[in-house]
1. Among rounded, prolate and oblate, which fits region 361-416 when a ≥ b ≥ c are the square roots of the eigenvalues of its C-alpha gyration tensor, a/c under 1.5 means rounded, and a/b larger than b/c means prolate?
2. DSSP beta bridges in the chain, what fraction antiparallel, as a percent rounded to 5?
3. Which one of A370, T393, P403 has its Cα pushed farthest toward the positive end of the charge dipole of region 358-403, where Lys and Arg give +1 and Asp and Glu give -1 at the Cβ?
4. Taking the beta-carbon count within 10 Å as an exposure proxy, list E205, E106, E100 from fewest neighbours to most.
5. Could you name the lysines in cross-link range of K112, using Cα to Cα under 18 Å and dropping any fewer than eight places away on the same chain?
6. Is the chain rounded, prolate or oblate when judged by the Cα gyration tensor, a ≥ b ≥ c being the square roots of its eigenvalues, rounded requiring a/c under 1.5 and prolate requiring a/b larger than b/c?
7. Name the long-range amide H neighbours of I140: under 5 Å, sequence gap of 5 or more, or other chain; modelled H, no Pro or chain starts.
8. Taking the alpha carbon gyration tensor of region 206-349, what are the square roots of 5 times its eigenvalues, largest first, to the nearest whole Å?
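Each value in this text was obtained by applying a stated rule to the coordinates, not by laboratory testing. Just so it is clear, the model here is predicted, and its values are computed rather than measured. Reconstructed Cβ throughout: ideal geometry from the backbone, glycine too, with neighbour counts over all protein chains shown.
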Amino acid sequence: MREFDTITIGAGGGAYPAAFRLARAGHKVAMVDVKGVLSGNCLAEGCVPSKAVREVAATYHRMTRAAAMGLSGALEVSYEQVLAHKTRVQTLRYQQHDLELAASSEQLQLIKGRASLLDPHTVEVHTDGAARRLTAATIIVASGSDISIPPIPGADLCITSRDLFALDATLKDLPRRLVIVGAGYIGLEVASMLHTFGVSVEVLEMTDQILPGMDPRFAQLLASLLDPGIVIRLGARVARIDRSAAGLVVSYSTTDGPATSTADQVLLAVGRHPVLPDGLSEAGITVASGRPLVNPALQTNLPHVYATGDVNGLSMLFHSAVRQSLTASTSILNGNHASDSFDPDAVPTTIFTMPEAAYVGLLPARAAAAGVPLVESAYSFTEDSRAQIMDDTGGEIRLFFAPQSLRLLGGWVVGIDAANLIGEIGTSVAAGLTAHQLARFSDQHPMASEGIGKSARQLV
Ligand code: ADP
């Protein structure tokens, strides 16, 4: 007799939605997490604290614009208070998670410790030097991801997003000059928020576009709208970082030859990589390129072992992990028969820069590579009443449809309210709505969502 029906390795977004659902359905469930708390890296040092700081920056940005219009006086930011706000939000959410756990059924427990697999049904948990073995009918591997540190001399002199956003953030004071290595979404978000607070920011990106891997037109549009005071150097490959009397010296190469930049702090933001529990391959689970391979139901090659969230590398976003967790739980409730599937195209992504930029589904570059024809329609925020009210008219809503059916396949929003607007566009993609249906919906006036219907009406 196995002790548990399900064990999750990790208690983040890939784990706990399934754990709660299964426990409610009467399964006996254990979540094992080294942190001993719910919510994983998102709350510990990722999405929630970074957005807490970002929203203060966005407010400050708007008020600075208002001051420039003569609507108010000049403003000062207390970074100590910004951090205090971030920490308050984290603490509140941890308290709420504790209450959720306390109120959950007796069927569910959270065990603090590091989990490894001993065999396809046995997990060993190490807690403070002691080890215990747990067995389960089903295992969900949801061990998440970690910050990648490039193997360059002087990487140890640098900070990462953890230093900015962890509960006890080590970066207490804003640097005067910041170099950011990497123009992915984390690098750009930090660039945007700290530049707003007055930090002089330079971003060094090895490839020839910001947001490497994302649609180049989308990336180019965002690049054109970022504050020109943020210096972004593309094709800049960082070779080393050294400490000098003048600060940290970042040496990099470009097609024009070697160059250096000097800063008070250097932030490494070159990406994240999956974290695998020990014993995964040895237990017979297929791992390729550092990720457990999964089918659309998130099952590994062993149908009772699932891999959800960042660990499988399909889309490293908290809300994607939640959807994957629930997808897995459906099949678990169905005796490990694949009964639901995860569609990465229905997951929106937002880059919380200023302005923000968001996309979902099939975009032109990937469609072209796959030979899929698209028709597109766009709505510029220069025409938008809310954008005019907000005095922030840069950017657009752009929708991509299948040519015959006019079924919505993807879209992006760059500019005001992008993170919210992409929800409506994503829901429409997931529901298979067409331009005809979008055109007939009464999007609210005077809100930026009006642009979705207006954009669709250009095609019908
Ligand atoms: P996801 O959103 O994919 O669930 P997170 O990073 O939010 O990813 O959550 C993963 C959690 O798993 C983190 O809290 C991490 O500390 C924890 N974790 C990673 N490896 C192990 C392990 N071997 N044993 C227990 N917990 C782990």
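1. Values: a/c = 3.90, a/b = 2.47, b/c = 1.58.
Here region 361-416 falls in the prolate category.
2. Expressed as a percentage, antiparallel bridges in the chain total about 65.
3. A370
4. E106, E100, E205
5. Correct list for K112: K28, K35.
6. Cα axes put the chain in the oblate bin.
7. I7, T8, I9, Y306
8. Taking √(5λ) for each Cα gyration eigenvalue gives 40, 20, 12 Å.
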